[in-house]
1. Choose one answer from C:Asn263, C:Asn69, C:Asn118: the residue with the largest mean-square fluctuation in a GNM of chain C with alpha-carbon springs under 10 Å.
2. Counting only helical runs of four or more DSSP H residues, what would the 222 nm mean residue ellipticity of chain C come to if each run contributes -39,500 (n - 2.57) and the total is spread over all its residues?
3. Quick check: Cα centre of segment B:63-141 to Cα centre of segment A:340-361, how many Å?
4. What residue among A:Val417, A:Ser221, A:Gly236 has its Cα farthest toward the positive end of the dipole of chain A, where the charges are +1 on Lys, Arg and -1 on Asp, Glu, each on the Cβ?
5. With each label point set 7 Å from Cα along the Cα-Cβ vector, what nm distance links C:Tyr59 and A:Thr79?
6. Run the reach check for C:Lys120 against aspartates and glutamates, Cα to Cα strictly under 15 Å, same-chain hits fewer than 8 apart removed. What comes back?
7. Among the lysines, which fall within straight-line cross-link reach of C:Lys310, defined as a Cα-Cα distance under 19 Å, with same-chain neighbours fewer than 8 residues apart omitted?
8. Residues with amide H under 5 Å of A:Val87's amide H, sequence separation 5 or more or different chain, H placed in the peptide plane at 1.01 Å from N; which?
Amino acid sequence: MALSAIRPGCPGRPGYTRRHRTMRVWSVAAGVTLLAATACSSSGDESASSDTTTLTLGYYAAAGDPADTTMRELVDEFTAGNPDIDVEIQAAPYGDFFSRLRTQIAGGDAPDVWLSDGVLVDEFAARGSLLDLSDRVAGLNEDDFHGIDLNRTPDGEIYGFPQGAQTPVLFYNTAMFEQAGIDPPDENWTYDDLAAAAEQLTVDENGDGTPEVYGMRVHSSGFTESWWPMIKAFGGDIVTDDNTTVAVDSRESRQALQWMLDAIGDDGFAPDGVTTESLGGPHQLFANQMVAMIFGIYARSLPAISADVEFDVAPLPTGPGGERGNVAIVNSWVINNEAGDEAADAAWRWIEYFAGEEPQTRWAELGEAIPINRAVAESDAFLNSDTAPAGKQVFLDALESSEDLGVNAVWAEYTGVLNENIMATLDGGADVDTALAEAQSKAQEAIDRFYAESS
Amino acid sequence: MPDVLTDPDAAARHPETPRRRGRGNLRRTARKAPAYLVLVLGTAVMVLPFLASLGNSLKSYAQYIKVPPDWLPDPVQWSNYQEVWERTDFVTYLTNSLIVSGAAVVGALITSAMVGHALARMHFPGRDVLLVAALGTMMLPTVITIVPSFILFKSFGWLDTLLPLIAPYWLATPIGIFLMRQTFLGIPRDFEEAASIDGANPWQVFIRVHLPMAKPALATLGVFTFMTTWGAVLEPTIYLTSPENFTLPIGVMSLQGQYVGNDNLVTAAALMSLVPVLLVFLVAQRYFVRGVMSSGVKG
Amino acid sequence: MAQSVVTGRASQSAARPPAGVDNRRSRRRKDRAWGVLFASPYLAHLLLLMLWPLGASLYFAFTTYDLVNPPEWTGFENFTRLLSDNNFWRTLGNTAYFAVLFVPAQTILALLLAVALNQKIKGIALFRTAFFVPVVSSWVVVAYVADSMLNPRSGIANTLLDWVGLPTQDWLQSPALVIPTLAGVAVWKGVGYMMLLFLAGLQAIPEERYEAAKVDGASALQRLRHITMPGVSGTTFLVLVLTLITTLQAFEQVFVMTDGGPNGASELTVLYMYRQGFEYFQMGYASAIAWVLFLLILVLTIVQLRLQRKWVHYA
């Protein structure tokens, strides 16, 4: 049965519109091209391009997870309503999806439309692999959707259309709060209130110096739920100037990091880096009830629900300057710049379909992302659904005042540099001042390497 | 004859080593105590983690992430295995893995032996260059040729097929060439000279004289090729996009979730993927272990 | 230079039996034809599968190539950047550290186990299978299985340490221990296969040598030192070359087990290269790293090949 897999297939499919791929295959040696020609004759490719368009659609999900299943159902419904479109799905878990995608792009074989992590849209766009959607978006009423503005580049272009939004808020374990007799957090909480409550919630029953339960998770390699909003809440900034100038080396950043260091320290209420990892990693601590609070994006509800945690959410606390530091990631559909006109049109129809009320409501039921369709986000289906957390309005408010996560063409690289240096401080080795200075200069170097060259 | 040393069955069968009971036996056992100790300890280290994983694979997600952990699953969630079975196309992945590894082993054995033979025994222009090239390509990290290779296989029309995973092995692998060349160098020339005087051509000499003498090396190479292809992650990830073409490791990994890790399911799938290959090993080990051991890999 | 080293043995045996001139010439031509025929699979390999990828990656090393747009020639820029890239040197140090721990540990343990298995032992098939289970497990499987062993809170390793009263360790989560732990896991996975290679080597040592030594009154240790070890030196060499080459390219293990963490402490060079190429869109720079790593491995292999003459005894 699987023997068919051995037989080589040809890249050309019926209805597959090919534009100029010469750029991509610029350097395939002549001999290779010859072989290719003999291996795969191109006859028959063009003949069938009449009535149906084949759309390759890529997304990341675990096989058989509810998200995967729902996505496939939506695709079926979409093709049922659009008989002139055939959809070929390419799904893989997150990490595998993106390593394959980059190879596919290099080889001119990427899907026509794919789901991109919001922070990566600019990376692909700046290198020319995404189609500019500005004109198509202009045909919609922008006010109907969340997150379009966050996807707009400094030049006003839009390369990704929102699929689902994520923004960190304060998750808290209601059972632990009740047991400790502490009032649940509200919108008036400051970082001082947070620290005070966290200290009270830290439990070391046997007095061995290692708490059985920590008040809060502060340390995380995923900075969206850690130092990024914290530095912003203390009035600091990460990048300015259309996200091309690193500004992290500031007094405010030092204060934020100092707050974190105090939290992690011996008298603190948060596990240090090693403990965080050994308790299951930053994203598991809340689900296995080792901490009472985390900064978490909406999707962190999923593991907490799976593990039967009683929890709710509150707005991020305010820092000394009264700011919360809200940030958002808008995961988005993007269209391959190499897709032919027909495929691009079909891709846009899929995007519009997915943004519609019915599919968005179905997606909202998964509890994985904040719906980007405002009507759905404000409907009972989302706000008053049975699934935890009860306070979903908190996410909408946070999203409303969110900034982007410093996205630019080298986001992964420069934030990697920042994170590495800040982690070096939080893990107790490096001096805060030196680390921030190093973070700033190295991150700027990475940004300049790209922007200085292309300007 | 050497089998006697390692194979208890052979020892039993061997007329010169009847099983004796009594003092001699006891003394001999005492002498082997250190060996037993090493082996028993080693076996424990090898097998314990798998047993612990078996426990983990039967836990619910909540119990899997629990700290401090429970050693035994409670309740025992057999449904994890059922869920893996339903979510994945396990038989297809297994078939694909068997096709890839089987084809790769056969191809690597035939072609590596040929090339190794040529490098050890034949004279032709560019021989030394070829040897250096083989050694050299073995040293270049494969990660770096992924993009050009992808473009190459795309031009062949091989994307999303098993061919990119098999074809390289049918054109002799550097490690195979190196191993086989070393082996053939160690075989005395007298044999083939006798054969060529009898009028055999080089192909016949290769098939009748050299290959039989290289069985141990071939077994070694076979196992090595099987190992590498069976466990390969990176290349199948890059080349295979449709679930019907997935190999087992990709199939196992496809269960990994971004937000809820599904660790209990992935562990179950990982153990499931081990069962067939262990069965193959249990059945085949007599043949290939004896093959490896029947004479040495001489340098 | 490498040529003379690696082909030394082959060319010594190049003498042909004397024959008439014509006869010899035609025989030579035939010989050549057979040689080319036998070597044709690898010739095809080089021409079809390697020439273009190798050439392309070498070319990329002198360009900036972002995977999307055509590469742009930048000369030696990637290599000068490499020289001052502290992270690259750190990953190289990590790689060397890993190799220094892993290669000898695996080799010695494999030999030890082979010696233990190279005698009449009850239940030998069971032992062999046990040592082979990790060998046939893919790294994906090993990653999950190892967690049951090494998880600082829930793993067996710490439970045992705690039980015998030793301090528990953070293993893969500890920046100081992560590389030794990875090396240990690599030994755990690989030792069964290397053991098999050694077993084959041990079998090749004639029994008479041991008998003669026993008659001369040599102790077990002396026999190990003077008969066993020289007897398997050829195998040892093979094991060392193969292990070193594959170790310096270790990728999948780290990729699936730690992804370079905690905070870069286990980032090996090939992983760093992967990140540059596939996550940071700098395939030109990644290619430069690959070629520098290649040169380093080449030099090490040549050194090993030269050293082999001093300690490898051919039967």
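Read-outs: derived from the displayed coordinates by stated rules, not from any lab. None of the values given here were measured: they were computed from a predicted structure. Backbone-built Cβ (ideal geometry, glycine too); neighbour counts: all protein chains shown.
1. C:Asn69
2. Numbers: 15 runs with 213 residues, N = 315.
Taken over chain C, the calculation gives -22000 deg cm²/dmol.
3. Between the Cα centre of segment B:63-141 and that of segment A:340-361, the gap is 40 Å.
4. A:Val417
5. Taking the simple label geometry, C:Tyr59 and A:Thr79 are separated by 3.8 nm.
6. Once the sequence-local aspartates and glutamates are set aside, what remains near C:Lys120 is B:Asp3, B:Asp7, B:Asp9, B:Glu16, C:Glu207.
7. Cross-link targets: B:Lys298.
8. Under 5 Å from the amide H of A:Val87: A:Leu55.
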